[in-house]
Amino acid sequence: MKNLQKVAITAANNLAVEPDVAVFFDQDSNTFSYVVRDPQSQACAIIDSVLDFDYPSASIGYSSADAIMEYIQERNLYVEWHIETHVHAEHLSAAPYLQKYLGGKLAIGEHVVTVQETFGKIFNEGTDFQRDASQFDHLFKDGETYAIGNLEAIALHTPGHTPACMVHVIGKSAFVGDTIFMPDSGTARADFPGGSAQVLYQSAQKILNLSPDTKLYMCHDYGAEGREVEYQTTVAEQQYNVHLGNNATEDQFVALREKRDSGLGIPRLMIPAIQVNMRAGHFPPAQDNGAVYLKLPINSL
């Protein structure tokens, strides 16, 4: 309740503030990345950037990240933050690549250490893999306020999909990661290691209790029933959410979410993505032959 009250105060203080938001879509992973700018300065944050990855050839590319970099450089923007809403399973992060050329702090929720511990075991990482989140420059705490230029923001811990999920309320907008989707698509799955449908329901309430006119920016959309892909909705429109709407109770949500999750396969890029993203977008160290390798755990996920 304390965090919800703090969000309400923050929202009231920033009632007239509308961040400038540029949207970038990676069709391969159905991921939206954002450049969020303070309208009163050149300061900005990059949220959930994407590194191109061709799975069959295990090759990487930078066209998605370069589009973001070009946008920022053409406008002489100053990057203060590279924000990961969670340890993504659908794409590899381009944050280290963009940080190299644009500066800024690379940040994620403090509970990333839980993800590192869980998947460090699954991938049998040795002692060289630090499980203390030291790969990141900043770890957001639940309810922590921060700034993008003069624009006030607050980080909300919203676990359930993963233990480290965060929603970032920036001015009159919220960047929800994988916590919830467009109203006709419901919510994120909750069956990954460390996930919980019950906890996800409780986290979703933090979003639903924001001001009704708060704009919600998605991390993913898959064009339900053939409609065009969309990246934005509002808190008010979430009353029609197919998983959370009609005053769905926690028990109803958990039953629906768990039934749906039982029939889902793992995301196509989950195995490489987790290994990279739990390292803040860095690949494992090269081996003695100079090559970099990712592991394929058999019957472990």
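The values are calculated or read from the model by the stated rules, or taken from the named source; none is laboratory data. Treat the numbers as computed from the prediction; the structure is a model and nothing was measured. So basically every Cβ, Gly included, is an ideal-geometry build from the backbone, and we count neighbours across all protein chains shown.
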Take the conditions within 18 Å of Q27 (Cβ to Cβ), in contact with a strand residue (DSSP E or B) (Cβ under 9 Å, 6 or more places away or on another chain) and of a type outside the set (A, V, I, L, M) and apply them to Y62. Does it pass? yes
Looking only at the stretch 134-178, which residues are in contact with a Pro (Cβ under 9 Å, 6 or more places away or on another chain), part of a loop (DSSP other than H, G, I, E, B) and within 30 Å of E225 (Cβ to Cβ)? T162, C165, K172
When restricted to L98, L106, the only residue assigned to a strand (DSSP E or B) and surrounded by 15 or more Cβ atoms within 10 Å (Cβ to Cβ) is L106
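The rows are residues; the columns are (1) of a type outside the set (A, V, I, L, M, F, W, C); (2) touching a residue at least 24 places away in the same chain (Cβ under 8 Å).
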| site | (1), (2) |
| --- | --- |
| E117 | yes, no |
| S134 | yes, no |
| L139 | no, yes |
| T145 | yes, yes |
| G160 | yes, yes |
| C165 | no, yes |
| K172 | yes, yes |
| F175 | no, yes |
| S185 | yes, yes |
When restricted to S203, S211, S196, the only residue surrounded by 21 or more Cβ atoms within 10 Å (Cβ to Cβ) and either more than 26 Å from Q42 (Cα to Cα) or modelled with pLDDT of 95 or more (or both) is S203
For the stretch 256-264, indicate whether the set of residues that are loosely packed, with under 13 Cβ neighbours inside 10 Å, under 20 Å from F192 (Cβ atoms) and within 21 Å of the chain's Cα centre (by Cα) is non-empty. yes
Of the numbered conditions (1) in a helix (DSSP H, G or I); (2) among the small types (G, A, S); (3) in contact (Cβ under 8 Å) with a residue 12 or more places away in the chain, G245 fails exactly one; give the number of that condition. (1)
Among the residues of the stretch 179-204, the number that are assigned to a loop (DSSP other than H, G, I, E, B) and out of contact with any Pro (no Cβ under 6 Å at 6 or more places or on another chain) is 15
Only one of D221, D184, D251 that is farther than 29 Å from T145 by Cα and surrounded by 15 or more Cβ atoms within 10 Å (Cβ to Cβ): D184
Starting from residues that are farther than 17 Å from H88 by Cβ and aliphatic (A, V, I, L, M), keep the ones in the stretch 29-66 and report whichever is surrounded by the most Cβ atoms within 10 Å (Cβ to Cβ). V36
Take the conditions charged (D, E, K, R), assigned to a strand (DSSP E or B) and surrounded by fewer than 22 Cβ atoms within 10 Å (Cβ to Cβ) and apply them to E90. Does it pass? no
All conditions in (1) among the small types (G, A, S); (2) surrounded by fewer than 21 Cβ atoms within 10 Å (Cβ to Cβ); (3) outside any loop (DSSP other than H, G, I, E, B) are true of G290 except (3)
Number of the condition not met by S196 [criteria: (1) under 29 Å from R260 (Cα atoms); (2) in contact (Cβ under 8 Å) with a residue 40 or more places away in the chain; (3) of a type outside the set (D, E, K, R)]: (2)
